[in-house]
Amino acid sequence: MSEHKEQKIVVLLELNTTDQTLIRHGLKLAYIFKKELCLTLNTPSKQKNMAEAREKLGEYARVVKSELPGMQVSTLLLSENTSRLADVLAENHEGIIIVANSAKFKKYSGAVTESPIPWLFVHPESGIEEYNKIVQTLDLRKENTDNSLWCSYFGRFNQAQIVAVAANDSSKEGKINVARNVKLSSKLYREFGIVHKIYKGGRSSLRNVFEALEMALVSDCNLFVMLGSSSITPLDYLVGLPERKILKQAGKLPVMVINPRRDNYILCD
């Protein structure tokens, strides 16, 4: 991702009452990371009311600019196949995080599993937007470094405190891999002086995400960060990805999903 263009926090809107919540969360992220806010609508090209949609997005942008004159805001009207959406937003429009309605996960799941940037799923009624108390998953996969890297960004730019719930695998290889991820994450957080705690969980890497979420829900956590599914089976397409179950259980808690199947773009300081 080129550094000369302005990186963006992309908010996927639906031109209905849920938009205000999503925009608020997008604004908070744009403020934390000092990025441009990009108000986006992805709609089939045959839709008749494209001019109307463009006007509505413009209206949203004007309201933001009048209330927060210092905030950089842009609008984007796309007609992309949903599975390609994240790639297009990252590669063509410098998107760095996509904010979406958690109730629409099924619609976006194909895009999430192909995404080179994190998705932040927000409940349409969520008032939780501090992003300074994070619970993250830590399992045996090497891609946990992406997970911890994003947590570290919140630690560096928003003074977030992080609790990592480490998996408890029974196999020798699993134990070694989890220990490696714990060590790398701790080192990263210490490097930036980020307040963090590693909690040794009781469940294996397969169930780690559910244990971590339980901890997030009984604590004062305001952001849950997880790695998405590494391999997707025909059964997943039939019954839905575990991420969908997590989002449902998370309720109004914002959930960031990082795709382990792709190399992730990074934040430009």
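Taking the Cα centroid of the stretch 163-193 and of the stretch 34-109, what is the distance between the two, rounded to the nearest whole Å?
First find each Cα centre; the distance between them is then 36 Å.
Kindly flag which residue pairs out of 56/104; 133/183; 107/248; 34/252; 65/104 have an alpha-carbon separation exceeding 19 Å in this structure. Provide the component values of the computation, followed by the final result.
Numbers: 56/104 21 Å; 133/183 21 Å; 107/248 14 Å; 34/252 25 Å; 65/104 27 Å.
Pairs exceeding 19 Å: 56/104; 133/183; 34/252; 65/104.
Answer rounded, prolate or oblate for the stretch 133-257, using the Cα gyration tensor with square roots of eigenvalues a ≥ b ≥ c: rounded when a/c is under 1.5, else prolate when a/b is larger than b/c, else oblate.
Working: a/c = 1.78, a/b = 1.21, b/c = 1.46.
Judged from the Cα gyration tensor, the stretch 133-257 comes out oblate (a/c at least 1.5, b/c at or above a/b).
Where is the GNM fluctuation largest for the chain (alpha-carbon springs, 10 angstrom cutoff): 11, 195, 178?
With Cα springs under 10 Å in the chain, the top fluctuation among 11, 195, 178 is at 195.
Quick one: among 174, 193, 70, which has the greatest mean-square fluctuation in a GNM of the chain with alpha-carbon springs under 10 angstrom?
Result: 70 has the largest fluctuation of those listed.
List the trypsin sites (Lys or Arg not before Pro) in the stretch 40-108 that DSSP assigns to loop (not H, G, I, E or B) and whose Cβ has at most 15 other Cβ atoms within 10 Å. Which are they? Present the calculation step by step, with values, prior to reporting the outcome.
Details: sites: 46, 48, 54, 56, 62, 65, 84, 104, 106, 107; in loops: 46, 48.
Here the trypsin sites (Lys or Arg not before Pro) that fit, given the DSSP loop and packing criteria, are 46, 48.
Have a look at 220, 146, 19 and tell me which one the Gaussian network model of the chain (Cα, springs below 10 Å) gives the largest fluctuation.
Fluctuation is largest for 220.
Keeping all protein chains in position, work out how much accessible area residue 50 exposes to a 1.4 Å probe, and write it in Å² to the nearest 10.
The accessible area of residue 50 comes to roughly 40 Å².
The values are calculated or read from the model by the stated rules, or taken from the named source; none is laboratory data. Predicted, not measured: the structure shown is a model, and the values here were computed from it. No Cβ is skipped: glycine too gets one built from the backbone with ideal geometry, and neighbour counts run over all protein chains shown. The area values use the complete protein model at the heavy-atom level, side chains included, leaving out ligands, DNA and RNA. Shrake-Rupley method; radii C 1.70, N 1.55, O 1.52, S 1.80 Å.
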